[in-house]
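Below: one structure, written as structure tokens.
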2 protein chains.
Amino acid sequence: MPFAEAISRDGTLAAGTPASLPALAAPELAADLARAGEEGFVLRTLPLAGRRTTVVAANRDVGVLYGVFALLRRLQTAQPIDALASVESPRVRLRVLDHWDNLNRTVERGYAGFSLWDWHKLPGYLDPRYTDYARANASLGVNGAVLTNVNANATSLTAEYLAKAAALAGVFRPYGIRVYLTARFSAPVEIGGLKTADPLDPAVGAWWRGKADEIYRAIPDFGGFLVKANSEGQPGPQDYGRSHADGANLLADAVAPHGGVVMWRAFVYSHETPQDRAKQAYEEFQPQDGRFRPNVLVQVKNGPIDFQPREPFHPLFGAMPKTPLMLELQVTQEYLGFATHLVFLGPLFEEALRADTHARGAGSLVSRVVDGTLDGHALSGMAGVANVGSDRNWCGSVFACANWYAFGRLAWNPGLDSRTVADEWTRMTFGNDEALVRPVVAMMLGSREAAVDYMTPLGLHHLMAEGHHYGPGPWVDSASRADWNSVYYHRADATGIGFDRSASGSNAVAQYFPALAEVYGDVRRVPEPLLLFFHHVPWDQRLASGRTLWEELVRHYYGGVEAVRGMQATWRGLEDRVDLERYAQVGAFLAIQEQEARWWRDACVLYFQTFSRRPIPPGLERPDHDLAYYRALRSRYVPGN
Amino acid sequence: MPFAEAISRDGTLAAGTPASLPALAAPELAADLARAGEEGFVLRTLPLAGRRTTVVAANRDVGVLYGVFALLRRLQTAQPIDALASVESPRVRLRVLDHWDNLNRTVERGYAGFSLWDWHKLPGYLDPRYTDYARANASLGVNGAVLTNVNANATSLTAEYLAKAAALAGVFRPYGIRVYLTARFSAPVEIGGLKTADPLDPAVGAWWRGKADEIYRAIPDFGGFLVKANSEGQPGPQDYGRSHADGANLLADAVAPHGGVVMWRAFVYSHETPQDRAKQAYEEFQPQDGRFRPNVLVQVKNGPIDFQPREPFHPLFGAMPKTPLMLELQVTQEYLGFATHLVFLGPLFEEALRADTHARGAGSLVSRVVDGTLDGHALSGMAGVANVGSDRNWCGSVFACANWYAFGRLAWNPGLDSRTVADEWTRMTFGNDEALVRPVVAMMLGSREAAVDYMTPLGLHHLMAEGHHYGPGPWVDSASRADWNSVYYHRADATGIGFDRSASGSNAVAQYFPALAEVYGDVRRVPEPLLLFFHHVPWDQRLASGRTLWEELVRHYYGGVEAVRGMQATWRGLEDRVDLERYAQVGAFLAIQEQEARWWRDACVLYFQTFSRRPIPPGLERPDHDLAYYRALRSRYVPGN
């Protein structure tokens, strides 16, 4: 492909900005460029300088980069490019990967080897994978990376480590990616030599301002801080009797002069056992709406518990109209089988984004809260807890990469549907052979429901083993906090199963807007996939299918395993259409998934049977072992823990 | 290349055993095959079936494999193959890599990422790298792998983990590699439910026999156990008042019926502070010579301290004629700059192997102790503490791979010289461009002495920072054991520096045979590179150069840094001859090495200057910082710790 500085013949591809390529200042492109905005791009087929030209135009270099990747995506997915006429720009401003990476290269909830960041060799050595990572992110539209774990280490804010972060920022910068760090709230004490980290203490404010100045000297385009405070043992403003807003504003004031933001997590729960953990974030944060600085985003997980296979959307969405709410999704599969389970998260992300909060009447989708359009916020963001690591395939498995892809694409455009995303990814990963694309996309789209079925069907949640979260642990009842126990969540007893969050129970439903609270609060109207999240239901209650709850529960657990077997059959049918290495790895992982799906099914059904006292319906295969066997299993050296 | 079942035309390459390829049963090959033995091979150019044939023949498949790799090596190093007439067989029977890999995938003293073994996904998933690892090892002649850390975890002996080890053994088997495990001496208590691990308790013996039977059911060609006992806090027979021989024989009896061996480490030191740590292994083990079962090897590090940049050879070599002594070398660069320092260990290994013990008069080389010829042992072995890990380049850096290579080649043939090894490796790694091979080989051959110079010249040893061993720490004086302190080893004071191990001191020299004890014990005759290992020498003592000890010490430290700068210059001259990625990585690492060499030099010279009270000679660059700066440095999150 010859390169040229000007358009001199038909069939030219012209990529650039009006400033870098004057032909792109043509009046025919002006309106499109105006719509493209800061990060967007224009793809057009049109005559320029009298020649038939394919244009990738943008107002800034990063837009050109995104546009080129969009063009490559069309090429790779075998779409026509002979009559391009599109303008695209991201609906969400901050599209960020959160790395829960520790300075010793372990990754909390990481299942793809270890951290990409080789802190020890930084800044002296810049691993080429840093560049590859940035390029991959840019191809998805991701424009930020929080380098460090939310369970933060003040060492990452020392001069020594800022030099290392600055080296990464230097690699990422050409790809439009800003670096963020997690701020340990007690850093002024731990590395600053102060006696307090009280956010209202002037010396503390001065320390953070000085630290921010130091960071921006090293990283002029530093994005800002992500903070987990007063949650799971992390320090925070409440240690000093101050509010979350006090804490967030302290840091916000430090980075504001430099254009930085603070992403303050709403994933909090107090040390006292709450009446209902699902209610706590709302109770702590909703009253503070309006008290945050303009450069603070409150970062809210998709659901009120913790990245479960299925939860309702978080009731904070729509409930804090004066505050930009950043959606936090988990790309790494902490509760979804780690890297060895093929679970495409597109449908989960889509379900969260399309949930209707009814905050301003019907159509008040979570996606519109997140992109800022519902409440008129210019600042908006989506965060994905990263699943990338040192593994050669980046994400621990071939199909886990689809989740990185899905996060990026949906952060760029929260209106995309997961079928489109799966189709794109499959074509770019395995080629355009329709006999492969069709079954693979179908398998991906069904995979999340399969995981829900073999793990936590019908609104069950938080049934995993303690600590490492590997495998089933519905019997867990001795954790140090009540709400770390499975029994706290499923509440199975002789009469039935489920957490009554209706008016007769914790009344968590009241945190939703009335139109929804009515539906969720009514056992006859609540969507069946959320049934046991909101209600304690008798074992013999008839569901829509006509089957009893017990029969339906068992049917879901068995159906989940059957769905995995279906994926195995699908994959076996593709042997001739996939290269040997990926074929073998996916096949081996599906076999592990089938084994672990049976583990989940058998452990949960046998355990819940001790309450229901009802049989496993005839015709279904018997569990491989008895309940005592499953309860006695102890997994050791589990990754990500 | 067409394949055929018989020799039917000129130019055929015939590879196989007489059993697999009857043409190789020809009488012309019989004598060579007899010499080749169990693992060896014959490379011959000769007429077979009337056709000009290149023969790779062996008695067993593994010999064919080794022979094919030998032929490939000749091809890759551009040696003629038109008149082959060689028979090769390994001089050492067990050629083993010791992996200090933990079950959570961290690697003790590992600087190449994390463990290759993904225990969590085993046995369900067999990473293709397991195969690549086995093939790479086979190409060097390595025939064993101890999968687990010598600081052992009894969990690795549970049924769950044996299934995982068996899966690895299945991958390695076709490459002639046997799997070994480390045995935690207290395993009968920890996983066996016994009240004691006393080696003389019959129930303990029965437990180990049962465990061995279980292992061999899972891994029929299991190699045996490697044991670190009663050293650095590990449990062992001395906990029960028994001897090392009692402990080793316990395990040896368990694996003997299956043909297994026990590799029992002599790297021990008692909890009581010894008079001289260098003497302790000899004192504990030498008297037990003759008390070990025939399937026990006592595994001895190359030197009496601990894998230092330079030590004299270990006095146990030659001193236990009734016991096969296995040489333990460290391939991973714990004390030699980790993965970022270019230090080719061939010369270090060669120095150890060629040391003359004088056990049976002159010529009683360590290599002849190790290969069993000096004392007539059929069982023999060499172990290398592995430097491979999850990094894409296997060993953390391009040049660190040369150390893996050197270990394998020297274990196959301890008589090889390191120049040959460096030349082979360079040609196979970078090609046969003489303008590259010559300077690279020269750089490699000088690199170990450079490291000695900038770290521990003139016989100094154990000056590194505490715990993680990253960077200099000559001032370390507060470790919990006397012999974990640097000051214990260098003994610098106002009069001079060095550890007096002559008759006037600890008399460690007396552990060597008289011819050598005399030389080492005499400050005028001891080789200068070992001067301060054996003697405390006045600062103003004149050395062979005519310079004082202080001047010479400083000269070595500065010379080490200059040598690294020389390597940088050499490498810069090769920019056009090396691919971009490796050129950049090696260049970045050399820059780190130069920086850290200066760190070592300045810290040590400034620190020793507080005793010598003598100036850094004029004309030399001044240290970058003062001593207080270096003493205040704290390295955190250091790999391998």
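The values are calculated or read from the model by the stated rules, or taken from the named source; none is laboratory data. What you see is a predicted model; the values in this text were computed from it and never measured. Every residue, glycine as well, gets a Cβ built from its backbone with ideal geometry; the counts of neighbours run over all protein chains shown. Keep in mind that these areas ignore ligands, DNA and RNA; they rest on the heavy atoms of the full protein, side chains included. Shrake-Rupley method; radii C 1.70, N 1.55, O 1.52, S 1.80 Å.
One table, with the values for the structure above:
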{"read-out": "One residue from A:523, A:519 being surrounded by fewer than 18 Cβ atoms within 10 Å (Cβ to Cβ), in a helix (DSSP H, G or I), of a type in the set (A, V, I, L, M) and free of Cβ contacts under 8 Å to residues at least 60 places away in the same chain", "value": "A:519"}
{"read-out": "Unmet criterion (only one of (1) buried (at least 23 other Cβ atoms within 10 Å of the Cβ); (2) within 28 Å of the chain's Cα centre (by Cα); (3) more than 14 Å from chain B (Cβ to nearest Cβ)) for residue A:497", "value": "(2)"}
{"read-out": "Segment B:348-390 - residue that is within 19 Å of residue B:263 (Cβ to Cβ) and of a type in the set (Asp, Glu) and, of those, farthest from the other protein chains (Cβ to nearest Cβ)", "value": "B:375"}
{"read-out": "Qualifying residue in segment B:189-209 (condition: under 24 Å from the mean Cα position of the chain (by Cα), surrounded by 19 or more Cβ atoms within 10 Å (Cβ to Cβ) and within 26 Å of residue B:178 (Cβ to Cβ))", "value": "no"}
{"read-out": "Considering residues of segment A:253-271 that are at pLDDT 95 or above and within 24 Å of the chain's Cα centre (by Cα) only, the residue farthest from residue A:179 (Cα to Cα)", "value": "A:266"}
{"read-out": "Among (1) open to solvent by 10 Å² or more (accessible area, probe 1.4 Å); (2) within 12 Å of another protein chain (Cβ to nearest Cβ), the one test that residue A:117 misses", "value": "(1)"}
{"read-out": "Members of segment A:134-157 found to be within 14 Å of chain B (Cβ to nearest Cβ) and either open to solvent by 20 Å² or more (accessible area, probe 1.4 Å) or part of a helix (DSSP H, G or I) (or both), listed by number", "value": "A:153, A:154, A:155, A:156, A:157"}
{"read-out": "Selected residue [aliphatic (A, V, I, L, M) and touching a His at 6+ places or on another chain (Cβ under 8 Å)] from A:87, A:107, A:96", "value": "A:107"}
{"read-out": "Long-range neighbours under 8 Å by Cβ, at least six apart or interchain, first residue on the phi < 0 side of the Ramachandran plot and touching a residue at least 12 places away in the same chain (Cβ under 8 Å) within segment A:7-27, second open to solvent by 70 Å² or more (accessible area, probe 1.4 Å) and among the hydrophobic types (A, V, I, L, M, F, W, C)", "value": "A:7/A:49; A:8/A:49; A:12/A:4; A:23/A:49"}
{"read-out": "Single match in A:192, A:124 (criterion: within 14 Å of another protein chain (Cβ to nearest Cβ), at pLDDT 95 or above and not in a helix (DSSP H, G or I))", "value": "A:124"}
{"read-out": "Count - residues of segment A:564-593 that are facing chain B (nearest Cβ under 10 Å) and of a type in the set (Asp, Glu)", "value": "1"}
{"read-out": "Only one of A:285, A:317, A:307 that is under 18 Å from residue A:229 (Cα atoms) and touching a strand residue (DSSP E or B) at 6+ places or on another chain (Cβ under 9 Å)", "value": "A:285"}
{"read-out": "Selection status of residue B:98, charged (D, E, K, R), within 14 Å of chain A (Cβ to nearest Cβ) and open to solvent by less than 50 Å² (accessible area, probe 1.4 Å)", "value": "no"}
{"read-out": "Qualifying position, being within 14 Å of chain B (Cβ to nearest Cβ), β-branched (Val, Ile, Thr) and part of a helix (DSSP H, G or I), among A:171, A:204", "value": "A:171"}
{"read-out": "Long-range neighbours under 6 Å by Cβ, at least six apart or interchain, first residue over 18 Å from residue A:186 (Cα atoms) within segment A:202-219, second not β-branched (Val, Ile, Thr)", "value": "A:216/A:222; A:216/A:258; A:218/A:162; A:218/A:166; A:219/A:166; A:219/A:169"}
{"read-out": "Test: residue in segment A:444-458 that is buried (at least 24 other Cβ atoms within 10 Å of the Cβ) and assigned to a loop (DSSP other than H, G, I, E, B)", "value": "yes"}
{"read-out": "Test result for residue A:564, open to solvent by less than 10 Å² (accessible area, probe 1.4 Å) and either without any contact (Cβ under 8 Å) to a residue 12 or more places away in the chain or out of contact with any strand residue (DSSP E or B) (no Cβ under 8 Å at 6 or more places or on another chain) (or both)", "value": "yes"}
{"read-out": "Complete set of residues in segment A:54-98 that are among the charged types (D, E, K, R) and over 28 Å from residue A:376 (Cβ atoms)", "value": "A:61, A:73, A:74, A:82"}
{"read-out": "Verdict on residue A:44 being open to solvent by 20 Å² or more (accessible area, probe 1.4 Å), at pLDDT 95 or above and of a type outside the set (Val, Ile, Thr)", "value": "yes"}
{"read-out": "Residues that are within 26 Å of the chain's Cα centre (by Cα) and either within 14 Å of chain B (Cβ to nearest Cβ) or of a type in the set (Val, Ile, Thr) (or both), drawn from segment A:554-563", "value": "A:561"}
{"read-out": "Near pairs, Cβ below 6 angstrom, 6+ apart or cross-chain, from segment B:285-309 (surrounded by fewer than 18 Cβ atoms within 10 Å (Cβ to Cβ)) to any residue that is of a type in the set (Lys, Arg)", "value": "B:289/B:322; B:290/B:322"}
{"read-out": "Which numbered condition residue A:417 misses (of (1) over 20 Å from the mean Cα position of the chain (by Cα); (2) open to solvent by 10 Å² or more (accessible area, probe 1.4 Å))", "value": "(1)"}
{"read-out": "Single match in A:246, A:213, A:239 (criterion: modelled with pLDDT of 95 or more, among the charged types (D, E, K, R) and open to solvent by less than 40 Å² (accessible area, probe 1.4 Å))", "value": "A:246"}
{"read-out": "Scope segment A:594-615; condition in a helix (DSSP H, G or I) and either at positive phi or within 14 Å of chain B (Cβ to nearest Cβ) (or both); matching residues", "value": "A:594, A:595, A:596, A:597, A:598, A:599"}
{"read-out": "Residues being within 18 Å of residue A:245 (Cβ to Cβ) and aromatic (Phe, Trp, Tyr) - total across segment A:183-212", "value": "2"}
{"read-out": "Hits in segment A:616-641 (condition: without any contact (Cβ under 8 Å) to a residue 12 or more places away in the chain, within 14 Å of another protein chain (Cβ to nearest Cβ) and small (Gly, Ala, Ser))", "value": "A:632"}
{"read-out": "Within segment B:459-478, considering residues that are open to solvent by 10 Å² or more (accessible area, probe 1.4 Å) and in contact (Cβ under 8 Å) with a residue 40 or more places away in the chain, the one farthest from the chain's Cα centre (by Cα)", "value": "B:475"}
{"read-out": "Segment B:627-641, residues that are part of a loop (DSSP other than H, G, I, E, B), out of contact with any Phe, Trp or Tyr (no Cβ under 7 Å at 6 or more places or on another chain) and among the aliphatic types (A, V, I, L, M)", "value": "B:633"}
